[in-house]
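Written out below as structure tokens is the structure these notes cover.
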Amino acid sequence: MHQESLQQIPRLVVLISGGGSNLQTLIDAIAAGTIVATIELVISNQPNAMGLARAHKAGIATQVVNHLEYSSREAFDRELIRAIDDKQPELVVLAGFMRIFTPELTNHYHGRMLNIHPSLLPLFKGTNTHERALEAEEDQHGASVHFVTSELDGGPIVIQAIVPVLEMDSPSVLAARVLVQEHIIYPIAIKWFCEGRLTLQNATVSMDGHNLPVQGMPYLP
Ligand code: GAR
């Protein structure tokens, strides 16, 4: 997407399933003027997600699309597409959304859906990333922001933050160290997109017209 196509303030729709701390950092970055965008809607598949309260507090519209109420993944995704497209967002932000999409949905949002994943992709796709990094005795771990494609956690990477794995780490201690970095790199990537600097050209991430390396931009705290 080019700057001229983003002359209006970009509209975002954010999908969550849980605590919504990444949603909160986005709300805060917009409130501070660091990111110029509006969150048109927060959608949760979990009716009790704490992130819904964060959205309410910020005066943002919310909607629950509970996957348990749909007979198939296809039907659930069709309802998600309907709810998202109703807001005509430039960007869909996955912030701890814990459902696997159909290719129909990922193709529909090609180049305009970002996800944050708590690992140094392509390592540890899927769940329990912190446990698996410890089991593998990695000395580094981290988080990645990537464009969403039909391959689970496999889309082109925008930015990665690296943290050390320390000897006494438990999964929760390591997760907390990674989450601090998530709260830094996700707003950076969303800001780039909203400014029209970040695009997906076929399978390659482009930043200011230059292709990024496959590991995306490194962010070193
Ligand atoms: C974050 O660690 C995010 O990276 C992860 O869920 C957590 C959500 O936290 N996402 C995934 O694992 C997606 N596969 P939050 O609700 O506090 O933002």
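No value in this document is a laboratory result; all are computed from the given coordinates. These figures come from a predicted structure and were not determined experimentally. Note that we place each Cβ from the backbone using ideal geometry, even for glycine, and neighbour counts take in every protein chain shown.
If you filter the stretch 139-186 down to residues that are assigned to a strand (DSSP E or B) and polar (S, T, N, Q), you find that the one that is surrounded by the most Cβ atoms within 10 Å (Cβ to Cβ) is Ser144. A residue that is in contact with an Asp or Glu (Cβ under 9 Å, 6 or more places away or on another chain), touching a residue at least 40 places away in the same chain (Cβ under 8 Å) and not small (Gly, Ala, Ser) occurs somewhere in the stretch 143-151. As a summary of the residue check, Thr129 satisfies the conditions (1) farther than 23 Å from Ala49 by Cα; (2) in contact with a Pro (Cβ under 7 Å, 6 or more places away or on another chain); (3) within 15 Å of the ligand (Cβ to nearest atom); (4) not aliphatic (A, V, I, L, M) except for the one numbered (1). Inside the stretch 207-221, can you point out the residues that are crowded, with 16+ Cβ neighbours inside 10 Å and in a loop (DSSP other than H, G, I, E, B)? Passing the criteria: Leu212, Gly216. Quick check on the stretch 196-206. Is at least one of its residues of a type outside the set (Ser, Thr, Tyr), touching a Pro at 6+ places or on another chain (Cβ under 8 Å), at negative phi and part of a strand (DSSP E or B)? Yes.
Each residue in the stretch 27-50 was checked for being in contact (Cβ under 8 Å) with a residue 40 or more places away in the chain, farther than 18 Å from Gly196 by Cβ and in a helix (DSSP H, G or I), and 0 of them qualify.
Of everything in the stretch 114-131, what is touching a strand residue (DSSP E or B) at 6+ places or on another chain (Cβ under 6 Å), closer than 13 Å to Val165 by Cα and surrounded by 23 or more Cβ atoms within 10 Å (Cβ to Cβ)? Give them in sequence order. Those that are touching a strand residue (DSSP E or B) at 6+ places or on another chain (Cβ under 6 Å), closer than 13 Å to Val165 by Cα and surrounded by 23 or more Cβ atoms within 10 Å (Cβ to Cβ): none in the stretch 114-131.
Residues checked against (1) in contact with a Lys or Arg (Cβ under 8 Å, 6 or more places away or on another chain); (2) more than 15 Å from the ligand (Cβ to nearest atom):
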| residue | (1), (2) |
| --- | --- |
| Leu26 | no, no |
| Gly33 | no, yes |
| Ala58 | no, no |
| Ala61 | no, yes |
| Val64 | no, yes |
| Glu74 | no, yes |
| Arg78 | no, yes |
| Pro89 | yes, yes |
| His117 | yes, no |
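Of all residues in the stretch 9-24, those that are among the charged types (D, E, K, R) have Cβ atoms under 7 Å from Cβ atoms of residues that are part of a strand (DSSP E or B) and away from the ligand (no atom under 15 Å from the Cβ), 6 or more apart or on another chain, in Arg11/Thr38; Arg11/Glu40.
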